[in-house]
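Have a look at the structure below, then the notes.
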Amino acid sequence: MSLSIRPAHPVFAGEVSAIDISQKLDQEQVAAIEAGMDRYAVLVFRDQQLTDDQQLEFSRNFGELEVTLAGQMAKPEDRRLGDRLELGDISNLTARNELRAREDRSRMYALANRLWHSDASFRAIGAGYTLLHGRVIPRKGGNTEFADMRAAYDALDASMKAEVESLVCEHSIVFSREQIGFSDYAPGNEERLRPVQHRLVITHPVSGRKSLYLSSHIGGIVDWPVPEARAFIRDLMEHATQRQFVYAHEWRVNDLVMWDNRTVMHRARPFNDLKEVRDLRRTSIKGTGLMVEAVPAQAA
Ligand code: OGA
Ligand code: MN
């Protein structure tokens, strides 16, 4: 039986049924999931019991895996999931499986996930798909929200569409962390913190739809004064995250949620993380194909 997808929201996001992603997929299934991603941008697979290896295997169907910046910057003894950096630890647990304390540095760093963002937009090539698998879910809170950046683009008026068309934004992890007052980086990470440039408007090669490549990692617009750029991006963020563009995912154990960072933003919602466990595993695919081509060099 081939998989089917039913809409989970009026404008995007779909729930996939009739597939067991712990098993090896055939080409037809991979193509159907990719087509579903092109259309829905977020896909939810319920009741998928997966080991770490099975999640890695499933993810590799869609391209080369990325290593998270948090993983790269963590000391080896602080890595709860061992040395496989392709497997991101999205939990509130320490390497000893204890709840992170209020002042824990990794907790502070991860709190910026509550700002709307696109994964790895601070890299020269941002993430394509991200996949999150739910292992332990708190009783209350801890949703992940998604906002459709194609629908947000479509809803701009003609003069805004013309204004954003050629803008190039500067992205760095420093800009998102700065918004919550975090700046505690270990020495030796200077190169990873340096801003990169991406176009604000990108076009999907399959659907031809344009979308806004927005992210809390943005801290400037090329050739604009910083305060003007930040005020402009803030307004655009507000526009792009209106309720009608947002799907809120309420986690259940063994959900796998997969999204395209080139067409949606996402954010984590709070929960009682000093008392309850939330344990998700993350894999990300390097972005290829869609936009995020390097910005052309400026004419001399
Ligand atoms: C992420 C992320 C959101 C969440 O893993 O990239 O932003 O709800 N997670 O944990
Ligand atoms: Mn994220």
Considering only protein heavy atoms, what per residue accessible area in square angstrom results for the stretch 168-214 with a 1.4 angstrom probe? 49 Å²
Give the Kirkwood hydrodynamic radius (Å, one decimal) of the stretch 141-300, defined as one over the mean of 1/r across all pairs of different Cα atoms. 17.5 Å
Computed [θ] at 222 nm, helices only, for the chain once each DSSP H run of length n ≥ 4 contributes -39500 (n - 2.57): -6500 deg cm²/dmol
Ranked from the most accessible area to the least, with a 1.4 Å probe and all protein chains present, what is the order of Ile137, Ile285, Ile180? Ile180, Ile137, Ile285
Identify the trypsin sites (Lys or Arg not before Pro) of the stretch 130-202 meeting these criteria: DSSP loop state and at most 14 other C-beta atoms within 10 Å of the C-beta. Arg139, Lys140
Take the alpha carbon atoms of the stretch 250-282, find their center, do the same for the stretch 164-198, and report the distance between the two centers in whole angstrom. 23 Å
Share of accessible surface on carbon and sulfur in the chain, whole %, 1.4 Å probe and ligands ignored, is 49 percent
How much accessible surface does Ser106 have with a 1.4 Å probe, in Å² rounded to 10? 50 Å²
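The values are calculated or read from the model by the stated rules, or taken from the named source; none is laboratory data. Please read all numbers here as calculations on a predicted model, not as lab measurements. Note: ideal-geometry Cβ built from the backbone for every residue, glycine included; neighbour counts use all protein chains shown. Surface accessibility is based on the protein's heavy atoms, side chains included, excluding ligands, DNA and RNA. Shrake-Rupley method; radii C 1.70, N 1.55, O 1.52, S 1.80 Å.
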